[in-house]
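Here is the structure we will look at, set down as structure tokens.
The values are calculated or read from the model by the stated rules, or taken from the named source; none is laboratory data. Treat the numbers as computed from the prediction; the structure is a model and nothing was measured. Methodologically, a virtual Cβ is constructed for each residue, glycine included, from the backbone with ideal geometry; neighbour enumeration extends over all protein chains shown. What goes into the accessible areas is simple: the full protein's heavy atoms, side chains included, and nothing from ligands, DNA or RNA. Shrake-Rupley method; radii C 1.70, N 1.55, O 1.52, S 1.80 Å.
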Amino acid sequence: MKILFTFYNPSGGMDTLNRIRCEALQKIGIECHMLYKFDGNGRRNIKHIKTHIGNTNKDIEDLLQRENYDAIIVCTDFELLQKIRASGYKNPLIYEIQGLGTMETAVEILKYAEANVNKYASALLYPRTAHIMQLLETFFPDKKHYSFDDPLNMEDFGYTSYPQKKYSVIAWVGRIEANKNWRDFIELGYQLSQSIPNLYLWMFGDMDLNEPGEQKKFEEKIVELGIEDRVIRYSNVPHEQMADYFSMIGDSGGFLCSTSILEGFGYAVAEAMLCRCPVLTTDSDGVRNFIFHNETGLFFPHGDIDQAVVLAKQLMYNAELRNHIRTNGERYVKVRFTVRKYTKKFMAMLGELGVQ
């Protein structure tokens, strides 16, 4: 059996998801390929998975005729559905949604996608995230729906003990864009720095994918607040090294802060928990799959920086609560998000769609 997974570029959560599931499926004898419309810095994370770059009709037609895939999973790019069917492809074609930004953006995208998905897709695939489930059931009531948890790589990604830093770190992962809501993180870091002089803000992402307008506002904001020396930016850290960073952040007495408006899953949050790095987060829906307040992490209301400061200090200075959250968070994601569970559900989906 041979499967193709597609997306726009190898970056962020989709880069992580595609690599994890391809590696897991290949271990049970399924050949997996990836197709990206554009190259990207995340490609350096890909090992032992055949990866194609191309977006023209000829690129796609040549690839499909050469490789003869048993099923194709197209994430987000609804225009690609038409191109694949136009090439003569007859096998199951699954349309996947992992996240579409804010609710307004998601609705607009799905309005444009509706005709192509209804005409060309065999089924829909998405994580167990309430707003995505609601949207897709509304837009595509007559399609087959498959919804199950994304997997985590627990064999090669996890906690490692390092010498403790002489300062505390709060971290943030994402693109500098509106939905990731970098402003709340910067404001929280500024407020905390007024009473924690040895505090640093580590920010991880792919600087090539930042929105130029938002990037300019970001640069102006950290200068305005006078915290530019506290903000340390990391661009395109190899994925396997993120486990080391998360481990060090957790051991520094700090935490990962997620400020997103909406997320489909939230890989950075789940992976931080896997590395015993506690999490303070907004309720971006996707993180409800693994964050339970005061048990596996802490929630603060969107935009409520005063409450975020209170909870951040609890997380940093209440040793009993901190240890409770670190231990429970790591244990919970290790039990729920296994690759074994994912591959079992994925193969059951293919079987129902007639892929043998």
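Matching residues to (1) part of a strand (DSSP E or B); (2) in contact with a helix residue (DSSP H, G or I) (Cβ under 7 Å, 6 or more places away or on another chain); (3) open to solvent by 10 Å² or more (accessible area, probe 1.4 Å); (4) over 17 Å from Met14 (Cα atoms):
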{"position": "Ser260", "(1), (2), (3), (4)": "no, no, no, no"}
{"position": "Ala268", "(1), (2), (3), (4)": "no, no, yes, no"}
{"position": "Ala272", "(1), (2), (3), (4)": "no, yes, no, no"}
{"position": "Cys277", "(1), (2), (3), (4)": "no, yes, no, yes"}
{"position": "Asp283", "(1), (2), (3), (4)": "no, no, yes, yes"}
{"position": "Leu298", "(1), (2), (3), (4)": "yes, yes, no, yes"}
The range 228-258: number of residues that are among the polar types (S, T, N, Q), within 23 Å of the chain's Cα centre (by Cα) and crowded, with 19+ Cβ neighbours inside 10 Å: 2
Single residue of the range 336-356 satisfying the filter (over 25 Å from the mean Cα position of the chain (by Cα) and not small (Gly, Ala, Ser)) that is surrounded by the fewest Cβ atoms within 10 Å (Cβ to Cβ): Gln356
The lone exception for Cys22 - which of (1) open to solvent by less than 20 Å² (accessible area, probe 1.4 Å); (2) in a loop (DSSP other than H, G, I, E, B); (3) not basic (Lys, Arg) it fails: (2)
Selected residue (only one of Val335, Val310 is among the hydrophobic types (A, V, I, L, M, F, W, C) and under 24 Å from Leu25 (Cα atoms)): Val335
Residue within the range 287-295 that is at pLDDT 95 or above, over 21 Å from Asp184 (Cα atoms) and touching a strand residue (DSSP E or B) at 6+ places or on another chain (Cβ under 7 Å) present: no
Positions within the range 84-107 being open to solvent by less than 60 Å² (accessible area, probe 1.4 Å) and part of a helix (DSSP H, G or I), in sequence order: Ile84, Arg85, Ala106, Val107
Residues that are surrounded by 20 or more Cβ atoms within 10 Å (Cβ to Cβ), more than 20 Å from the chain's Cα centre (by Cα) and assigned to a helix (DSSP H, G or I), drawn from the range 42-77: Ile60
Condition check for His302: outside any loop (DSSP other than H, G, I, E, B) and either open to solvent by 60 Å² or more (accessible area, probe 1.4 Å) or touching a residue at least 60 places away in the same chain (Cβ under 8 Å) (or both): no
Among (1) over 15 Å from Gly254 (Cα atoms); (2) touching a residue at least 24 places away in the same chain (Cβ under 8 Å); (3) basic (Lys, Arg) - the single one Lys216 does not satisfy: (2)
Tally of residues being among the β-branched types (Val, Ile, Thr) and open to solvent by 20 Å² or more (accessible area, probe 1.4 Å) across the range 108-126: 1
Only listed residue being farther than 30 Å from Val335 by Cβ and modelled with pLDDT of 95 or more, chosen from Leu201, Leu152, Leu209: Leu201
Residue in the range 285-293 that is under 25 Å from Asp15 (Cβ atoms), open to solvent by 30 Å² or more (accessible area, probe 1.4 Å) and part of a helix (DSSP H, G or I) present: yes
Options Leu225, Leu201: the member that is buried (at least 21 other Cβ atoms within 10 Å of the Cβ) and either at positive phi or more than 18 Å from the chain's Cα centre (by Cα) (or both): Leu201
Test for Thr327: is it over 26 Å from Leu100 (Cβ atoms), outside any strand (DSSP E or B) and either open to solvent by less than 70 Å² (accessible area, probe 1.4 Å) or of a type in the set (Asp, Glu) (or both): yes
Residue pairs meeting the criteria (Cβ under 7 Å; at least 6 apart or on separate chains; first touching a residue at least 24 places away in the same chain (Cβ under 8 Å) and over 9 Å from Leu262 (Cβ atoms), in the range 99-118; second outside any helix (DSSP H, G or I) and not polar (S, T, N, Q)): Ile109/Leu100; Val117/Tyr95; Val117/Phe140; Asn118/Phe140
Count - residues of the range 1-19 that are open to solvent by 30 Å² or more (accessible area, probe 1.4 Å) and either of a type in the set (Phe, Trp, Tyr) or assigned to a strand (DSSP E or B) (or both): 3
Test: Val333 is open to solvent by less than 20 Å² (accessible area, probe 1.4 Å) and either modelled with pLDDT under 95 or assigned to a loop (DSSP other than H, G, I, E, B) (or both): no
